[in-house]
């Protein structure tokens, strides 16, 4: 870590020089001016090219509308344009990022560019806010100003990633919670004489209000089957869109039942019982962790108050005696 110490010493020497700080301030102000100008020209393209704005107005009024302009508003198009240059060239990395966004519930073809562009937009907006805070609270030490700028850049860069991870956990938890109830309904529909496709369609309609995420996955699988996609492949696509091990086990079980001609009803019933047992065990595991998790709030909040109540009178009496 010697290089880190050298870099820190160099940064301290640089910030200690008033001329260097002045040049850094001028450079930062120029960069901020460039970013603001670029954003304004991207949002209002007619400022830089009035002819282009006139042509766009005529095409919009007289011709068919552009699909991209119909789907995304101006701010989204700007963010997508910013993220276009950050799209990975490697197909494997790009597919991995797109799969993560799909599992989080963002299926739009523009989702990857919007996700990458939101990082740049977030850094730019937070950098402007940090600059405003520095100007308002001036005079501010250079070290504190650099900390504000660094925090703005880090939060702007990592904020969209944390948001996507949070949405992914929420969606997977909702699907995992809804899966046993959906399996019970599939068992009922299968016992009533419906086939697997018709049963999935019926269950999707029944759970649409209470379990939206799972209903959307069932509907999308039914749409794929209705256009001629193989049932097993459509179910495997649903596994890729959710990323849940429980869904993968269910699809594997159904695929084997369809391939070997066994009863789908008994397969669904046994797997539904297993899912309910798994959910009960997960709830018991979370309940067992409550005692350990409560130690920190008790030690931080309740224990000091108890110590003050029990020890403070004795301490006061001793102080009075001395």
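None of the figures in this text is laboratory data; all of them are computed from the coordinates on show. This is a predicted model, so every value here is computed, not measured. Heads up, the Cβs are rebuilt from the backbone with ideal geometry, glycines too, and the neighbour counts pull from every protein chain shown.
Remarks
- The packing ranking of peptides 312-318, 178-184, highest mean first, is 178-184, 312-318, where packing means the average number of other beta carbon atoms within 10 angstrom of each residue.
- Whole-Å distance, taken between Cα centres, linking region 135-155 and region 78-112: 31 Å
- Which of 35, 120 has the fewest Cβ neighbours within 10 Å, and the rest in rising order: 35, 120
- Footprinting exposure proxy for 266, 249 (fewest neighbouring C-beta atoms within 10 Å first): 266, 249
- Relative contact order [Cα under 8 Å, 6+ residues apart], region 171-291, whole percent: 30 percent
- Relative contact order computed over region 121-162 (Cα-Cα under 8 Å; 6+ residues apart), in percent: 65 percent
- Pairwise inverse Cα distances across region 139-250, averaged and inverted, put the Kirkwood hydrodynamic radius at 16.5 Å.
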